[in-house]
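Asks: I have a structure I would like to understand better, so I am pasting it below and will then ask my questions one at a time.
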Amino acid sequence: MIKAQQKPIAEIKALIAPYHRILILGCGTCVTISFAGGEKEVGLLASSLRIASAMEGQDKIFAEATVQRQCEWEFIDAVAEQIQQADAVLSLACGIGVQALAERYPDKVVLPGVNTTFLGMAVEHGVLVERCRACGDCILGLTGGVCPIARCAKNLLNGPCGGSQNGKCEVNPELDCAWQLIYDRLARLGQLDRLAALMPYKDWSKDYDGGPRKIVREDLRL
Amino acid sequence: MAKSLFEEKLNSGKFIVTAEVGPQKGVDCSEMIHHIKLLKDKVDALNVTDHQSSVMRFPSLGGCLLVKELGGEPILQVTCRDRNRLALEADLLLAYSRGICNVLCLTGDSVDVGDHKEAKPVFDLDSVQLLRMIRTLESGKDMGGNDLKGAPQFCIGASVHPAADRIEPQLVKFEKKVAAGAQFFQTQGIYELDSLRRFMQYASQFDVKILAGIIVMASARMAQYMNENVPGVIVPQSVIDELASAEKGKGLQKGIEIAVRTIKAIKEQNLCHGVHIMAVGRESVVPEIIEAAGL
């Protein structure tokens, strides 16, 4: 899922400074799972901002709402009235949700309350890790189900760099070397021979580097 | 015909000696020029490092041009960290056009260990693919499949880490580098000979030349610092203890002694095809090491 982290409160306060009526809008999907922008975080942030506003002698008004998915028109339209009443919407959804609001409500100021961080998962409660870079050309079938694009700091395709030590990454000794993981996993599967082939040059045009990507499914279009 | 003087020497069967110079941060090249003059006639080729440890410096290509102008035999170090395939190809065309015909293909340290930590790392290619790309240029085509007007010819090498604690994945990569066209390898620092001996028993099946990396340590503190901060460096505790045993102010002398002893042993035991001496800022001691080791 998409993982996000709430922005520092000082940055949020600076973003909302020019506005009086602010709708804090959460999202019930990815950011709820990553404890960054669900209903609970909306409530906590609203309380903090109300207190800060009062202490600073401002009379800002904070409304709260959370929709199931901010990245779909139908869901955000459910709070259309609250959006219309606000001077600005502080979205706690990922960057997709923020942009969906901006596109749907072209006259409304929409501000991001979180930093969208990566595509990943929780490996334990409170520990979220990156697993996918959405590079558009999945090679997990060749690498034992461990992604060197997302999990190697240099996105190397043909094995570890010389900085891999004790199976850890040179960037951070707490980080597993993706190529050690790939090697160990293929060894376990009895598929080490798969490592011998030179990996083709990566076609980065399928990644973001080819510009914003688009999928059109003619079979599904109405 | 050999592609370079260095290739000729690699194939001659003589014990090869290379060293390296690290360009300065800035445009005053006087110290680098001094080091080049000091070393160029004492070694078979002189590497110029490419933003070593991801610290921004005068470029390796610029340093190699100086080596060439001063009558030396340069090895251009090229990392994949800072340039995409267009820039890498273009730099190689320039290098060849100016008589720089030896290339050491490296991944490059992560930007996180350097002095521009917020830079965008490139890594469009990896070191294996860089080697392969050079062979493609030699065939008269670029990576896009387009014809080149005049194709370069390079003697190409790469690095290997015989003392890596998890050696298997490193060997997988080594074999890929061989398959991609590497002719010579410079190893990471060698301090004890067992790992080199083991590695050579394995590597002798490939038709490539192995140059053992010799890092000149100036003190126990430097060794510890490198262990903690320089990717790929593993100085054993016994070497650190030996450096620490030196009298105050004599650390470098001890470091030279260790380097000389290691080189002599490698040569006498005919362990590999040569040595690559990395003096890390103390290039002025390299002639002394070469002489003392009887090279």
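What follows is calculated from the coordinates using simple rules that are stated; it is not laboratory data. Being a predicted model, the structure only gives us computed values, none of them experimental. Note that we place each Cβ from the backbone using ideal geometry, even for glycine, and neighbour counts take in every protein chain shown.
Asks: State which residue pairs qualify: first residue under 15 Å from B:Val103 (Cα atoms) and inside the range B:121-145, second residue aromatic (Phe, Trp, Tyr) in any location, beta carbons under 7 Å apart, and separation of 6 or more residues or different chains.
Replies: Final answer for the pair search is B:Gln129/A:Tyr201; B:Ile134/B:Phe154; B:Glu138/B:Phe154.
Asks: Considering A:Arg131, A:Arg151, which residue is more than 11 Å from every other protein chain (Cβ to nearest Cβ), free of Cβ contacts under 8 Å to residues at least 24 places away in the same chain, closer than 24 Å to B:Ser110 by Cβ and of a type in the set (Lys, Arg)?
Replies: Numbers: A:Arg151 fails: free of Cβ contacts under 8 Å to residues at least 24 places away in the same chain.
Among A:Arg131, A:Arg151, only A:Arg131 is more than 11 Å from every other protein chain (Cβ to nearest Cβ), free of Cβ contacts under 8 Å to residues at least 24 places away in the same chain, closer than 24 Å to B:Ser110 by Cβ and of a type in the set (Lys, Arg).
Asks: Taking the range A:162-216, which residues are more than 21 Å from B:Val160 (Cα to Cα), of a type in the set (Phe, Trp, Tyr) and within 11 Å of another protein chain (Cβ to nearest Cβ)?
Replies: Once the filter is applied, which keeps residues that are more than 21 Å from B:Val160 (Cα to Cα), of a type in the set (Phe, Trp, Tyr) and within 11 Å of another protein chain (Cβ to nearest Cβ), the range A:162-216 yields A:Tyr201, A:Trp204.
Asks: Another question, if that's okay. When you scan the range B:198-208, do you find a residue that is in contact with a strand residue (DSSP E or B) (Cβ under 9 Å, 6 or more places away or on another chain), buried (at least 22 other Cβ atoms within 10 Å of the Cβ) and within 20 Å of A:Gln165 (Cβ to Cβ), even just one?
Replies: Checking the range B:198-208: at least one residue is in contact with a strand residue (DSSP E or B) (Cβ under 9 Å, 6 or more places away or on another chain), buried (at least 22 other Cβ atoms within 10 Å of the Cβ) and within 20 Å of A:Gln165 (Cβ to Cβ).
Asks: Moving on to the next point. Give the range A:94-118 a look and list any residue that's of a type in the set (A, V, I, L, M) and in contact (Cβ under 8 Å) with a residue 40 or more places away in the chain, or say none. So that I can check it myself, show each step before the final result.
Replies: If we filter the range A:94-118 for residues that are of a type in the set (A, V, I, L, M), which is where we start, we get A:96, A:98, A:100-102, A:109-111, A:114.
The answer is A:Ile96, A:Leu101, A:Val109, A:Leu111, A:Val114.
Asks: Is at least one residue of the range A:5-25 more than 21 Å from the chain's Cα centre (by Cα), assigned to a helix (DSSP H, G or I), at negative phi and surrounded by 14 or more Cβ atoms within 10 Å (Cβ to Cβ)?
Replies: Within the range A:5-25, one or more residues are more than 21 Å from the chain's Cα centre (by Cα), assigned to a helix (DSSP H, G or I), at negative phi and surrounded by 14 or more Cβ atoms within 10 Å (Cβ to Cβ).
Asks: Here's something else I'd like to know. Residue under question is B:Gly71, and the condition is that it be more than 12 Å from every other protein chain (Cβ to nearest Cβ), in a loop (DSSP other than H, G, I, E, B), surrounded by fewer than 17 Cβ atoms within 10 Å (Cβ to Cβ) and out of contact with any helix residue (DSSP H, G or I) (no Cβ under 8 Å at 6 or more places or on another chain); does it hold?
Replies: Values: more than 12 Å from every other protein chain (Cβ to nearest Cβ): yes; in a loop (DSSP other than H, G, I, E, B): yes; surrounded by fewer than 17 Cβ atoms within 10 Å (Cβ to Cβ): yes; out of contact with any helix residue (DSSP H, G or I) (no Cβ under 8 Å at 6 or more places or on another chain): yes.
For B:Gly71, the condition - more than 12 Å from every other protein chain (Cβ to nearest Cβ), in a loop (DSSP other than H, G, I, E, B), surrounded by fewer than 17 Cβ atoms within 10 Å (Cβ to Cβ) and out of contact with any helix residue (DSSP H, G or I) (no Cβ under 8 Å at 6 or more places or on another chain) - is met.
Asks: On to the next question. With the structure loaded, tell me whether B:Phe185 is aromatic (Phe, Trp, Tyr) and in a strand (DSSP E or B) or whether it fails that test.
Replies: yes
Asks: Here's something else I'd like to know. Which of the residues that make up the range A:183-222 are closer than 19 Å to A:Ile149 by Cβ and in a helix (DSSP H, G or I)?
Replies: Hits for the range A:183-222 are A:Tyr183, A:Asp184, A:Arg185, A:Leu186, A:Arg194, A:Leu195, A:Trp204, A:Ser205, A:Lys206, A:Tyr208, A:Asp209, A:Gly210.
Asks: Take the residues in the range B:136-195 that are under 18 Å from the mean Cα position of the chain (by Cα) and β-branched (Val, Ile, Thr); name whichever of them is nearest to the other protein chains (Cβ to nearest Cβ).
Replies: B:Val160
Asks: List every residue pair whose Cβ atoms lie under 9 Å apart, where the two residues are 6 or more positions apart in sequence or sit on different chains, the first residue falls within the range B:234-258 and is under 16 Å from B:Val280 (Cα atoms) and free of Cβ contacts under 8 Å to residues at least 40 places away in the same chain, and the second residue, located anywhere, is outside any helix (DSSP H, G or I) and of a type in the set (S, T, N, Q).
Replies: B:Gly251/B:Ser219; B:Leu252/B:Ser219; B:Lys254/B:Ser219; B:Lys254/B:Ser245; B:Gly255/B:Ser219
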